[in-house]
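S.K.: What follows is a structure written as structure tokens; I'll ask about it next.
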Amino acid sequence: MADAGEFDSFYRRESEALLVFFARRTFDAETALDLMAETFAHAYLGWHGLRGDSREERQAWLYTIARRRLSRYLLRGRVERRALRRLGIQTPVAHEDDLALIEQRAGLAQLRAALSGELVRLSAPQRRALDLRIVQERSYAEVASDLGISELAARARVSRGLRALGRALDVQLATGERS
Amino acid sequence: MNERPPAVLDALGSEFRRLGEPRRPRAGITRRTLLLTVVLALLLAGVAAAAILIAQGSPLPAPNAQDLRASGVPLPASVHLAGLDAPDPNPAEPPWDIRLSRTAAGETCTAVGQVLAGQFGIVGLDHVFRALPLGGVDACGIEAPDGPVLAGARVFVGTSSQDARTVVNGVAGAGARSVTVYGPEGARSLRLGPQGSFITVYPGYVEEVRPRVVVVTRDGASHTIAFAQSSAFEVADPDGGSPWEVSGEADLGPGAYADEDCAQASQQLGRSDPSRFEASLTPQVCGRLGQQPLFVSMRRFVPSSGIRTGFPWGNNPARTLVYGAAAPRVASLSLSGAGAPRELPIDPHGGVFIAVLDGHVDPRSLTLTARLRDGSVLTYRRSSGLLEPPFTPVCEGCAHSHRSRLLPEAPVPAYRNPLPAREAEPAPPDLPLMRTVRETLRVKDPAGGPEWALRSWQGLPNPRADFGSGYHPTRMLCTQVGFVEHGRLLEPRADGAPLALSAGGEYGVGGGCNEPRSLARFGALAEAVTYVNNPYAYAPRPLRTVVSGLLALDATHPLLLGAGAPRPLALDANHAFLAVLPARYWDVPLRISATVKGRTITTRSLEAFTGPAALETPQARAPDPDGGAPWGFAAGPGESSATGRIVDGRLATIEAQSGILHAGPEGWGSGGDGQGRRRPEPVRFDTQGGPEGSPLGQAASAPPPPAIERRTLPGRTIITGEAEADVVSVTLATPRDVRTLRPSGPAHVFIVVYDGQFFRGAITATIALRDGRTVTEPVPNPNAPLGEGSLEPPSPSLATRLRADETTLAGMRRQVARAEHGGPGTEHAGPGPREKALGGAPLAQIVSGLRDIEASVAADRGRIAYVEAHPGVLPAE
């Protein structure tokens, strides 16, 4: 079982890596930040039930939560913030410099280049959405405007496109749910 | 690197700190101090960013149901994952889990794999995830109501030793309270899943991890299962190769002293040394421990040491060995002169000891110090107290006299490195006469590939070649066969680029040299080689059979028989011939006929199975771990048996590297360990297999595609069994897993095939009989350290050996007496009854054997008498 007094150290050790993990799978630094925050919120709430004392075991536990958060985002097109709301945590707004740093650490430029060649595998609506959002790096509002849909729908289309693309592009995904 | 993390992370961290720490765990739960480590963010980011991107591949094909009859077929409706999600040592890799299922017979089946996107499978060495099919990879066994019975350590290869994985797993049963696994880092308390299932993952191979599982049941009983442990007296290799062991025993051979013991060092088999063909052999050393406290050999062995001594070192790295045996009056041994002084443990059984040092160490710089129990100290700076090797006649006609001469010190060879592999190969027998090279025989490929050709030439004997004593060829005729591409002659390779053939280089498959006089003796020498489309396929399809050879120089009109109407063969200037036929010829033997001095000669069958008919078709089957052609086992008359791949319903041999198919089994069984028991064991086991690659056991250089997909180990371990009629089932516990097999067919046999070799650990069988009893038998493991479940039966005690020898002696004396003096009615019977009394053997042979047994009995008695008269002087057995 995890001891009290360790969560802060755990967060400081794992947070950046987890942020990069999400950024590479969403191609969006802001979404990655939200997912990372929600993941740690879940970890905070479930901390007393953590089994395993080794670093590897705790990492695996954290990433299991992370994969579930990611799968929900890809299915629903939005980041659920239940745990954050329950804890009363407001995700800080990231400065542009921070967003750029996250993108750099995650190597998103290279990934985007690789992605653009794989877009042909997708349906036309998904392809267009991903091309606007990830390859051209337009905001969701611009994507929605271009496609003539709501911003919420634009986010959903991007996330579903990512999921479809993931299977073809060797991006590791996990729905996290087993039957 | 010292880059700042994004500031927003600190801001979010402050939010969590504002909440305070999460609530404390419940009382009574053990706390541990968390080692505070500041991990470089970039390092972790690098791990995440460089995380291998895993592709989703097609599911691996399911095994054929007919290959699973002996092992049980898991019922699809019963399949479920334990949900244990054991983390991989690399957090970027998917977690591991156990898949549980049941057979119709109620056995529990387990398989281990990784879980990705809800699917159960394996991430191959190519970073592609493939779902694992039901059956084949599963081990099905009988689960006991209490205590663990299904436990194993499954190994998955990696690109390096650290990337390999040892997955310790099992089903401890519903009655299990806890499972703890002890490995390199200490204890791991495992979470239990359904039916007490457990799993944990280590980096490295099982011989490095050597895990030990302790299961505690609800009644407090503890059950320990240890994997890859060895009771051999062993020491580590200085360069990380397989461990070395030393064995010792009393010398009971003719001419041995009553107080004489011997010791021999050998290197165990391991992943870097998978075959005994290439293993180094060291001489057995003997000495009299009644006369001296110890005997010791201190020698440097270098590549090519010991040629023609019976103990060749081979092309293996140099080592300096110190080994021998010490009497019980030696309290301790220490070795100095190579780094810090080290204590050498003494094995209480046989008194043997060993130190293995890097070959750069000069044995003359070493000092062995023996501290005796009486307080005295002896030092040794060279080999000491060694007698001449056993069975060395001291004088003409006195082979059984005691040897009195001590062995002289062997010279210290200069250190040298092993030769590069190519240079270490034996020198080719011939030096080609280039003006005689011909490449005029060309045949179209019936499989639609490039044209095939034969290159022939004449050669002179290579002075560097070793032809053995008494054989001095004067001239040779040589051939090579391959397909032609861009003007080059190439030999196909299934696992990579084709091999370029050139005169004076490798002869290749179907090639080689012969002397004209050999050709004259046989008329023709030929070989038929069948190539398949895919040697890794479940049902490899023969593509072509290439027939090539040489005809005697005075022979004419060669014909190929057995492939339809007799086919005339064209000869080139060196009297070589070539034919390429479609597919494969199982039933009709291919032969070559020719006319020699007006007479027709015909060769033996080429590539036909020549064993008993009963051994041609399998009676039991098992899937291959890589999904290739299944394995089969057949038992025949006289306790003969055969094992091989099943192709077209017959036992065959597949050489995967070259894509060649041979008729007939890969291995033959001899029927038990020859101990001649009066009452047969319920099951006669045999264990075969070894490394893949050449027939000489050299390991293949790169994993084949199926092994890349499944991360299976190279080589195979094949266990077969012939069971008595009252055997219901056999549960095999191996270093890999526990599984239950059911003998089948009229011969009541079974076969099971594992990937890899069990370099450590024993194999045991629990046999269930029809009357409800169970019997436990050891199963031979030829790759384990010698004496530990290996094919060598354990040495009997002196007393047991003496009783057996005396019984044999009495029987032989009666036999000789009957033959020499006859019995009632045999006075005028002539040689008939006498030969019958001797079992058909000449009397002189029997008498010679009698003298040998008398000498053995004398040696046994002498040793026992010495031990009784001098208690505590000699090491215990």
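The values are calculated or read from the model by the stated rules, or taken from the named source; none is laboratory data. Values in this document were obtained by computation on a predicted structure and should not be read as measured data. Here Cβ is always computed from backbone atoms with ideal geometry, including for glycine, and neighbour counts include all displayed protein chains. Keep in mind that these areas ignore ligands, DNA and RNA; they rest on the heavy atoms of the full protein, side chains included. Shrake-Rupley method; radii C 1.70, N 1.55, O 1.52, S 1.80 Å.
S.K.: Find how much the distance from B:ALA105 to B:GLN229 grows on full extension, using 0.36 nm per residue of separation minus their present alpha carbon separation; answer in nm with one decimal.
M.R.: Values: separation 124, 0.36 × 124 = 44.64 nm, distance 3.25 nm.
So the chain would gain 41.4 nm between B:ALA105 and B:GLN229.
S.K.: Two-decimal Rg/Rh of the stretch B:613-779 from alpha-carbon positions, Kirkwood Rh? Don't skip to the answer; put the middle values down first.
M.R.: Values: Rg = 15.9 Å, Rh = 16.5 Å.
My calculation of the ratio gives 0.97.
S.K.: Kindly identify the stretch B:429-602 as rounded, prolate or oblate by the Cα gyration tensor criterion: order the square roots of the eigenvalues as a ≥ b ≥ c, call it rounded if a/c is under 1.5, otherwise compare a/b with b/c, prolate if a/b is larger, else oblate. All intermediate terms of the calculation are to be shown ahead of the outcome.
M.R.: On the way: a/c = 1.78, a/b = 1.20, b/c = 1.49.
Oblate is the answer for the stretch B:429-602, as a/c is 1.5 or above yet b/c matches or exceeds a/b.
S.K.: Please give the average number of partner chain Cβ atoms lying within 10 Å of the Cβ of each residue in B:115-122, rounded to a whole number. Walk me through the numbers on the way to the answer.
M.R.: On the way: counts 3, 5, 11, 7, 2, 1, 0, 0.
Mean shielding count: 4.
S.K.: Grab the beta carbon distance between B:HIS472 and B:ILE307, set R0 = 25 Å, and tell me the FRET efficiency rounded to 0.05.
M.R.: Numbers: r = 19 Å, r/R0 = 0.78.
Given R0 = 25 Å and the Cβ-Cβ separation, E is 0.80.
S.K.: Using a 1.4 Å probe, what is the accessible area per residue for the stretch B:429-602, in Å²?
M.R.: Values: 8140 Å² over 174 residues.
Normalised by residue count, the accessible surface of the stretch B:429-602 is 47 Å².
S.K.: I'd like the FRET efficiency for B:HIS870 and B:THR808, computed as 1/(1 + (r/R0)^6) with the beta carbon distance as r and R0 of 30 Å, rounded to 0.05. If you can, show how the numbers build up before the last one.
M.R.: Details: r = 28 Å, r/R0 = 0.93.
Efficiency at R0 = 30 Å is approximately 0.60.
S.K.: If the chain between B:SER848 and B:ARG416 were fully stretched, how many nm would it gain, using 0.36 nm times the residue separation less the Cα-Cα distance?
M.R.: Working: separation 432, 0.36 × 432 = 155.52 nm, distance 4.60 nm.
Stretched out fully, the B:SER848 to B:ARG416 stretch lengthens by 150.9 nm.
S.K.: Then there's this: HN-Hα J couplings of the stretch B:179-196 from phi, Karplus 6.51/-1.76/1.60, θ = phi - 60°, integer Hz, Gly and Pro as x?
M.R.: 10, 10, 10, 9, x, x, 9, x, 8, 10, 8, 9, 6, 9, x, x, 6, x
S.K.: Provide, as a two-decimal number, the C-alpha radius of gyration of the stretch B:56-150 over 2.2 N^0.38 Å, N being how many residues it has.
M.R.: Values: Rg = 14.0 Å, N = 95, 2.2 N^0.38 = 12.4 Å.
Dividing the Cα radius of gyration by 2.2 N^0.38 Å gives 1.12.
S.K.: Short version: ³J(HN,Hα) in whole Hz for each residue of the stretch B:811-821, in order, from phi by Karplus 6.51 cos²θ - 1.76 cosθ + 1.60 (θ = phi - 60°), x for Gly and Pro, what are they?
M.R.: Each residue of the stretch B:811-821 in turn: x, 5, 5, 5, 5, 5, 4, 4, 5, 7, 9 Hz.
S.K.: Go ahead and collect, in residue order, the members of the stretch B:174-217 whose backbone nitrogen is under 20 Å from a label point 7 Å along the Cα-Cβ direction of B:GLN162.
M.R.: B:183-186, B:201-210, by backbone N distance to the label point.
S.K.: Follow-up. Which whole-number percent is the relative contact order of the stretch B:234-380 (Cα, under 8 Å, 6+ apart)?
M.R.: Relative contact order for the stretch B:234-380 comes out at 21 percent.
S.K.: Using a 10 Å cut-off on Cβ to Cβ distances, tally the other chain neighbours for every residue of B:183-190 and report the average as a whole number.
M.R.: Details: counts 0, 0, 1, 0, 0, 4, 3, 1.
That average works out to 1.
S.K.: May I ask you to compute the full-extension gain from B:SER744 to B:ALA500, defined as 0.36 nm times their residue separation minus their alpha-carbon distance, rounded to one decimal in nm?
M.R.: On the way: separation 244, 0.36 × 244 = 87.84 nm, distance 4.68 nm.
The B:SER744-B:ALA500 span can extend by a further 83.2 nm.
S.K.: Starting from the 7 Å offset along Cα-to-Cβ, what nm value, one decimal, do you get for the label separation of A:LEU147 and B:ARG218?
M.R.: The two pseudo-label positions are separated by 5.6 nm.
S.K.: Whole-Hz Karplus ³J(HN,Hα) for the stretch B:101-114, in order, using 6.51 cos²θ - 1.76 cosθ + 1.60 and θ = phi - 60°, x for Gly and Pro?
M.R.: Karplus values, whole Hz, x for Gly and Pro: 7, 9, 9, 4, 7, x, 7, 8, 10, 10, 9, 10, x, 9.
S.K.: In peptide B:83-90, what is the residue-averaged number of other protein chain Cβ atoms found within 10 Å of each Cβ? Mind dumping the intermediate values first?
M.R.: Details: counts 1, 0, 4, 2, 10, 2, 2, 2.
Taking all residues of B:83-90 together, the mean is 3.
S.K.: Follow-up. Which shape class, rounded, prolate or oblate, goes with the stretch B:56-226 when its Cα gyration tensor gives a ≥ b ≥ c as root eigenvalues, a/c under 1.5 marks rounded, and past that a/b bigger than b/c marks prolate?
M.R.: On the way: a/c = 1.82, a/b = 1.08, b/c = 1.69.
Verdict is oblate for the stretch B:56-226.
S.K.: So the label point goes 7 Å from the Cα of B:LEU460 along Cα→C-beta, right? Which residues of the stretch B:504-518 then have their backbone N under 20 Å from it?
M.R.: Within reach of a label on B:LEU460, which here means backbone N under 20 Å from a point 7 Å along Cα→Cβ, the stretch B:504-518 contributes B:504-505, B:513-517.
S.K.: Here's a follow-up. For B:ALA447 and B:ALA702, what does the FRET efficiency come to when R0 = 35 Å and r is the distance between their Cβ atoms, rounded to the nearest 0.05?
M.R.: Working: r = 25 Å, r/R0 = 0.72.
It comes to 0.90.
S.K.: Reported to two decimal places, what Rg/Rh ratio describes the stretch B:196-327 when computed on Cα atoms with Rh from the Kirkwood expression?
M.R.: Details: Rg = 19.8 Å, Rh = 17.8 Å.
Using Cα coordinates only, the ratio equals 1.11.
S.K.: Ok, one more. Run the simple label-point estimate for B:THR774 and B:GLU423 please: 7 Å along Cα→C-beta, distance reported in nm.
M.R.: So the label points at B:THR774 and B:GLU423 sit 5.8 nm apart.
S.K.: Here's something else I'd like to know. How far is it, in nm, from the label point at B:ALA236 to the one at B:SER518 when both lie 7 Å from their Cα along the line to the Cβ?
M.R.: In this crude label model, B:ALA236 to B:SER518 measures out at 4.8 nm.
S.K.: Then there is this: Excluding ligands, DNA and RNA, what is the accessible area buried between chains A and B, summed over both sides, using a 1.4 Å probe, to the nearest 100 Å²? Walk me through the intermediate numbers first.
M.R.: Numbers: alone 9990 and 42500 Å², together 47500 Å².
Approximately 5000 Å² gets buried when A meets B.
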